[in-house]
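The values are calculated or read from the model by the stated rules, or taken from the named source; none is laboratory data. Quick caveat, the model's predicted, so the values are computed rather than measured. Because the Cβ atoms are built from the backbone with ideal geometry, glycine has one as well, and the counts that use them run over all protein chains shown.
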Amino acid sequence: MSVPHINLTCNKCGEGWSPAQLNKHRVYLDSDVEVPVYSTLGWCETCAALRPVEHFEDSPRTQQELEGIDAELAQLTNTWIKRLFMRTFNSHQGHREWLEERRKSLIQRLVIIEKRRGDEACLVCGSRRLQSFTGDYSLETDGTFSYVGSKPSGFIHPGCDGEFIATGSDIRFHFARITYCYSPEGELIEERWP
Ligand SMILES: [Zn+2]
Ligand SMILES: [Zn+2]
């Protein structure tokens with residue numbers, strides 16, 4: 001995967017991080033179900049760095065997607081009964097399995113949100129000693145989807161008092177397709193290489 005790139009660099013000490021860390025592929029492994037991990041940028045006091053941290057604000061969106069899947073599954077069942085006699089239902093089987101997998105993982109996601117909201121962990125070290133990233137690092141994009149320009153993010157580097165400046169870069173990251181697997185408690189348990 002190739003993603004355009006923003007750097008956040010402290011204007012006092014020069015430390016820099018990239019929010020592109022948020023784009024890595026992460027899942028919870030919860031009794032054999034792969035549940036999506038959503039992350040946002042935060043300050044981890046244990047890493048003393050900007051880090052991807054767990055984000056649990058998607059209940060309404062997840063609920064809505066679940067309702068959509070239930071509706072689609074109900075419709076497929078109707079179609080399935082009708083087509084059973086015409087022996088063409090096999091073509092729907094793959095899609096139905098995908099919907100059922102997705103449904104399981106969304107239900108688990110809602111359970112994790114319910115249990116863990118307010119207990120967000122750093123996705124690098126598992127620490128709960130976090131501060132919200134209250135800055136804004138959004139930048140304009142040019143015609144080739146690279147970020148252009150630079151602006152103060154408004155977020156002060158904790159313990160340093162410099163400010164993080166967001167700068168666009170035309171260097172693109174190429175992530176290896178590694179899947180980072182977490183326990184439902186937010187601890188990194190393994191990295192899966194393709
Ligand atoms: Zn600094
Ligand atoms: Zn950390």
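Among residues belonging to segment 110-144 that are assigned to a helix (DSSP H, G or I) and within 30 Å of PHE155 (Cα to Cα), point out the one that is nearest to ligand 2 (Cβ to nearest atom).
Top of the filtered list is ARG116.
The residue that is modelled with the highest pLDDT, among those in segment 136-177 that are surrounded by fewer than 14 Cβ atoms within 10 Å (Cβ to Cβ) and within 30 Å of LEU106 (Cα to Cα), is ASP136.
GLU100 - would you say it is in the same structural domain as ASN7 (by TED's automatic domain parsing) and more than 16 Å from ligand 2 (Cβ to nearest atom)?
On the way: in the same structural domain as ASN7 (by TED's automatic domain parsing): no; more than 16 Å from ligand 2 (Cβ to nearest atom): yes.
So GLU100 fails the test.
For TYR182, indicate whether it is farther than 17 Å from GLY14 by Cβ, modelled with pLDDT of 95 or more and touching a Leu at 6+ places or on another chain (Cβ under 7 Å). In short, yes. Here LEU66 fits the description: under 13 Å from LEU106 (Cα atoms), among the hydrophobic types (A, V, I, L, M, F, W, C) and more than 16 Å from ligand 2 (Cβ to nearest atom).
Of the candidates LEU66, LEU50, LEU41, the single residue that is over 17 Å from the mean Cα position of the chain (by Cα) and crowded, with 16+ Cβ neighbours inside 10 Å is LEU66.
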